[in-house]
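Here's the structure, in structure tokens; my notes come after.
Please treat every number below as a calculation from the coordinates, not as lab data. Computed from a predicted model, the values in this text were never measured in an experiment. Virtual Cβ from ideal backbone geometry, glycine too; neighbours counted across all protein chains shown.
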Amino acid sequence: MKEKIKKLAKKKNAIILAHNYQPPEIQDIADLCGDSLELSIKATKTSARVIIFCGVHFMAETASILSPEKTVLLPRFAGCPMADMVKPEALVQKKKELKGIPVVTYVNSSAAVKAVSDICCTSANVIKVVDSIGSDEMLMTPDKNLAQYAQANTKKTIHLWDGYCPFHNTLTADDVQKAKKAHPDAIFIAHPECPPEVLNLADSIQSTSGMIQFAGASEQDSFILGTETGLLYPISKTYPGKKFYPASEKMYCTDMKKIGLDDVVRSLEDMTGEVKVPEEIRLNALGAVQKMIDLK
Ligand code: 13P
Ligand code: SF4
């Protein structure tokens, strides 16, 4: 199957991108793996005609926003429940109530929501984005935990949207204390989608790729990961001499595990699963995504 995918990708002039939470067999056949920010930037740099995006729908949409001339394929439909917690109509209404203050939208959102936002952010650049805004007040959507993390690191006022990741949001301080007790020498690294009580216990707060880099740069050799358990695969593969433990096994994103090798083959053969953002929405969303990328 892996050989077949390689041959098909070459024939179709396709590049395969995979998020760090994807199943191991998908990460193994991908040309590039990474976090949301890395993948969105990598999607703009490739000369391939087709992008096979192994992730969830908003990630494929972001690739389509940035590369409208390319065919972007999501091999099997998978959504992000947090992205579904904000709709464009509700955001427009909230903006009116807040008298038009700038809106920072996490990339885990639909293109239509990005289109009515001022700038996007990811878990890797949220503080930089907040500090770049020429206003002391802003609204952040959809993740309330990411917004509270940003609030703790800025003097600006951030209004919250009541969205959250159903997996990261389940991690409790008690879960972390139990994991720390089981692995007393391990460093605890958390994703900013975790609740504040969990982030308060973290030795470092990082995006998924940030966790991989942090573990590599650290002199410590064991880590508890406060994120979706899919990250255990790429991080252990990168640093086989170090030990990684999940903060909780319940952080398992079912949407991130939907794509299989057979889906990738079918998508390459039949060019199915295209994600294309309508041009009017795309142009407005591009403004918010590009502003974020230009900060790098
Ligand atoms: P990263 O951008 O840190 O990879 O996170 C994406 C995501 O969906 C986390 O749940
Ligand atoms: Fe969305 Fe959470 Fe899954 Fe990430 S882990 S894709 S935020 S539901």
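Working from the Cα coordinates of the chain, the gyration tensor eigenvalues give, after taking √(5λ), semi-axes of 28, 27, 15 Å in decreasing order. Computed 3J(HN,Hα) for segment 70-83, one whole-Hz value per residue from the Karplus formula 6.51 cos²θ - 1.76 cosθ + 1.60 where θ = phi - 60°, is 9, 8, 9, 10, 9, x, 8, 5, 8, x, 10, x, 5, 4, glycine and proline marked x. For the chain, set up a GNM with springs between Cα atoms under 10 Å and report which of Ala63, Ala217, Ala186 has the largest fluctuation. Result for the chain, Cα springs under 10 Å: Ala217 fluctuates most. Neighbours of Leu73 by Cβ distance under 13 Å: Lys/Arg scored +1, Asp/Glu scored -1, total +1. Considering only Asn145, Ala182, Val86, the residue lying farthest towards the positive end of the dipole of the chain is Val86, judged by Cα position with unit charges set on Cβ.
Using Cβ point charges alone (K and R +1, D and E -1), the dipole size of the chain about the Cα centre works out to roughly 640 debye. Taking only Cα atoms and a 10 Å spring cutoff, compute GNM fluctuations for the chain and point out the largest among Gly55, Gly226, Gly210. In the Gaussian network model the winner is Gly210.
A simple rule links phi to the HN-Hα coupling: the Karplus curve 6.51 cos²θ - 1.76 cosθ + 1.60 with θ = phi - 60°, which for segment 158-164 gives 10, 7, 8, 9, 8, x, 6 Hz, with x for Gly and Pro.
Using a 10 angstrom cutoff on alpha carbons, build the Gaussian network for the chain and name the most mobile of Ile133, Ile16, Ile259. Maximum among the listed residues: Ile133. When the alpha carbon gyration tensor of segment 25-139 is reduced to an equivalent ellipsoid, the three semi-axes, largest first, read 28, 15, 12 Å. Selection among Ser209, Gly241, Cys253 by position relative to the dipole of segment 206-259 gives Cys253 as farthest towards the positive end (Cβ unit charges, Cα centre). For Lys178, the lysines whose Cα falls under 18 Å of its own Cα, not counting residues fewer than eight places away in the same chain, are Lys243, Lys250.
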